[in-house]
Amino acid sequence: MDITLKLFGQLRHLADQEEMIVGVEDDTTVEDVLMEVSADFGDDFRNILFDEKGMLRPSMMVLLNDTPVDKSDPTIVDDGDTLTVLPAIAGG
Amino acid sequence: MSDTIQIKLSERPEEIPAGTMLFALRDARKPGADVVVRNGAPAGEDCELQDGDDVVFITRGEIPDRDQLENLMAARHTPGVHAKIKQATVGIAGAGGLGSAIAIALARIGIGRLIVADFDVVEPSNLNRQQFFIDQIGLPKVEALKENLDRINPYVAIDTHLLKLTPANVPEVFGAVDVMVEAFDRADQKAMIVESFCRAFPAKPIVVATGLAGHMPSNTVVTRKVGKSMVVVGDLVTAAQPGTGLMAPRVGVAAHHQANAVLRLLLGEDPEQ
């Protein structure tokens, strides 16, 4: 099945893509999807998303079909889902 | 054809003879008034008043009594806009560089109610960009901000919360808002507000800022929609860090993007297009 991945901020620059279709297996989690695409886009991309323990960083704004995902609880993606990732950065 | 027309004079309904000229009415009601505002804009030339006109006469330098003040302030609010935003409640998470400037902008246009939460106090290092004064150093930011907003527009209801926002208290503090604003400094706290608020109130819009440090060109700060209910302001890449500080001009640009996005959302308009 396929999902749409939308990237913002530095992730978009590193991937050099705004949006992509990602093919995934059944029971794939949001974290799995992002780890998988990180393999294509390199260490800098992965280090923005994940900490050294492989956990999604608290500053990541990750929306699945416009709803923020609970980073403490794995979320399974479904065919046709849209996953949006925007790294929040400091300043205010 | 009726012999009279209905107008609003200083926001109060009045029936006046049809054919009445604007400056004649000024001379009759407030001789010496040197600013004439008709339908939200200064009127430089005389004209015949029309049914439904909204007129205010102002004498420069005269401080009106409290009863008159709101009407006189409302004279510069665009008719139709003020009536809508006067009914609105906006939540602001954080009363720092973004939050204090957003609150002031919204107060000046006559927003109905602001709910502002912040746990911090005013420090000297805040004064390079935050809308506070030297004699407010040491005060809780929400208290200092309320003091300043009351001096600008005392007709805005302001609920302050001196507390640290957490996923547990965000729904309770901001349950009444029509539009939410994220105005934090720390990246993880920005994400926390988005997650907490959007999960509790998925249909309510939230306006977020990210990427506003330094002195990059103003036009790199943009307003964009991300999903159905989230609006994001900023360049999305320039973080506050050593060598790239937070400064009043660009923080102010972002804050006013956020304030304008709030206004457009309240008016049912697209904040991006």
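With farther than 22 Å from B:Lys141 by Cβ, buried (at least 20 other Cβ atoms within 10 Å of the Cβ) and not aromatic (Phe, Trp, Tyr) as the only criterion, which of B:Leu212, B:Leu267, B:Leu246, B:Leu263 stands out? Give the derivation first.
Numbers: B:Leu212 fails: farther than 22 Å from B:Lys141 by Cβ; B:Leu267 fails: buried (at least 20 other Cβ atoms within 10 Å of the Cβ); B:Leu246 fails: farther than 22 Å from B:Lys141 by Cβ.
From the options B:Leu212, B:Leu267, B:Leu246, B:Leu263, the qualifying one is B:Leu263.
Given (1) in contact with a Leu (Cβ under 9 Å, 6 or more places away or on another chain); (2) under 28 Å from A:Leu14 (Cβ atoms); (3) small (Gly, Ala, Ser); (4) away from chain A (no Cβ under 11 Å), identify the lone condition not met by B:Ala259.
(2)
Give the range B:16-50 a look and list any residue that's in a strand (DSSP E or B), under 20 Å from B:Ala74 (Cα atoms) and not small (Gly, Ala, Ser), or say none.
If we filter the range B:16-50 for residues that are in a strand (DSSP E or B), which is where we start, we get B:16-17, B:21, B:35-38, B:41-42, B:48.
Add one more test, that the residue is under 20 Å from B:Ala74 (Cα atoms), and what stays is B:35-38, B:41-42.
Once the filter is applied, which keeps residues that are in a strand (DSSP E or B), under 20 Å from B:Ala74 (Cα atoms) and not small (Gly, Ala, Ser), the range B:16-50 yields B:Val35, B:Val36, B:Val37, B:Arg38, B:Pro42.
Name the single residue, out of those in the range A:64-92 being within 7 Å of another protein chain (Cβ to nearest Cβ) and touching a residue at least 60 places away in the same chain (Cβ under 8 Å), that is surrounded by the fewest Cβ atoms within 10 Å (Cβ to Cβ). Spell out the reasoning first.
The initial filter retains those residues of the range A:64-92 that are within 7 Å of another protein chain (Cβ to nearest Cβ), namely A:66-68, A:84, A:86, A:88-92.
When the remaining residues are screened for being touching a residue at least 60 places away in the same chain (Cβ under 8 Å), the result is A:84, A:86, A:89.
Working: A:Thr84: 22, A:Leu86: 26, A:Ile89: 25.
Only one residue tops the list, namely A:Thr84.
Among the residues of the range A:1-44, write down those that are within 14 Å of chain B (Cβ to nearest Cβ) and in contact with a helix residue (DSSP H, G or I) (Cβ under 8 Å, 6 or more places away or on another chain).
Across the range A:1-44, the qualifying residues are A:Leu5, A:Leu7, A:Gln10, A:Leu11, A:Leu14, A:Ala15, A:Glu18, A:Asp44.
Test each condition in (1) touching a strand residue (DSSP E or B) at 6+ places or on another chain (Cβ under 8 Å); (2) free of Cβ contacts under 8 Å to residues at least 60 places away in the same chain for B:Ala88 and report the one that comes out false.
Result: B:Ala88 passes all but (2).
Could you list all residues from the range A:29-63 that are surrounded by 18 or more Cβ atoms within 10 Å (Cβ to Cβ) and over 16 Å from B:Met192 (Cα atoms)?
Listed by number, the residues that qualify are A:Val30, A:Glu31, A:Val33, A:Leu34, A:Val37, A:Ser38, A:Phe45, A:Ile48.
Here are B:Phe184, B:Phe174: which of them is facing another protein chain (nearest Cβ under 8 Å) and modelled with pLDDT of 95 or more? If you could, list the steps in order and put the result at the bottom.
Numbers: B:Phe174 fails: facing another protein chain (nearest Cβ under 8 Å).
That would be B:Phe184, the only listed residue that is facing another protein chain (nearest Cβ under 8 Å) and modelled with pLDDT of 95 or more.
Across the range B:55-69, what is the total count of residues that are surrounded by fewer than 17 Cβ atoms within 10 Å (Cβ to Cβ) and either assigned to a helix (DSSP H, G or I) or in contact (Cβ under 8 Å) with a residue 40 or more places away in the chain (or both)? Lay out the reasoning, then the answer.
Within the range B:55-69, the subset surrounded by fewer than 17 Cβ atoms within 10 Å (Cβ to Cβ) is B:59-69.
Now narrow it down to the ones that are either assigned to a helix (DSSP H, G or I) or in contact (Cβ under 8 Å) with a residue 40 or more places away in the chain (or both): B:66-69.
The qualifying residues number 4.
Can you name every residue in the range B:199-241 that is facing another protein chain (nearest Cβ under 10 Å) and of a type in the set (S, T, N, Q)?
B:Thr210, B:Ser229, B:Thr238, B:Gln241 - these are the residues of the range B:199-241 that are facing another protein chain (nearest Cβ under 10 Å) and of a type in the set (S, T, N, Q).
Only one of B:Ile5, B:Ile85, B:Ile16 is in contact with a Leu (Cβ under 6 Å, 6 or more places away or on another chain) and more than 30 Å from B:Gly245 (Cβ to Cβ). Can you tell me which?
Working: B:Ile5 fails: in contact with a Leu (Cβ under 6 Å, 6 or more places away or on another chain); B:Ile16 fails: in contact with a Leu (Cβ under 6 Å, 6 or more places away or on another chain).
From the options B:Ile5, B:Ile85, B:Ile16, the qualifying one is B:Ile85.
Looking at the range B:150-169, which of its residues are exposed (fewer than 12 other Cβ atoms within 10 Å of the Cβ), farther than 15 Å from B:Gln87 by Cα and aliphatic (A, V, I, L, M)?
Within the range B:150-169, B:Ala168 is the sole residue that qualifies.
Has the range B:218-228 got any residue that is modelled with pLDDT of 95 or more and more than 30 Å from A:Leu64 (Cβ to Cβ)?
Scanning the range B:218-228 turns up at least one residue that is modelled with pLDDT of 95 or more and more than 30 Å from A:Leu64 (Cβ to Cβ).
For the range B:187-198, which residues satisfy the criterion of being under 13 Å from A:Gly91 (Cα atoms) and facing chain A (nearest Cβ under 7 Å)? Can you show your working first?
Start the filter on the range B:187-198 by keeping residues that are under 13 Å from A:Gly91 (Cα atoms), which leaves B:187-191.
Matches in the range B:187-198: B:Ala187, B:Asp188, B:Lys190, B:Ala191.
The values are calculated or read from the model by the stated rules, or taken from the named source; none is laboratory data. On a predicted model such as this, the values are computed, not experimentally measured, just so you know. Note that we place each Cβ from the backbone using ideal geometry, even for glycine, and neighbour counts take in every protein chain shown.
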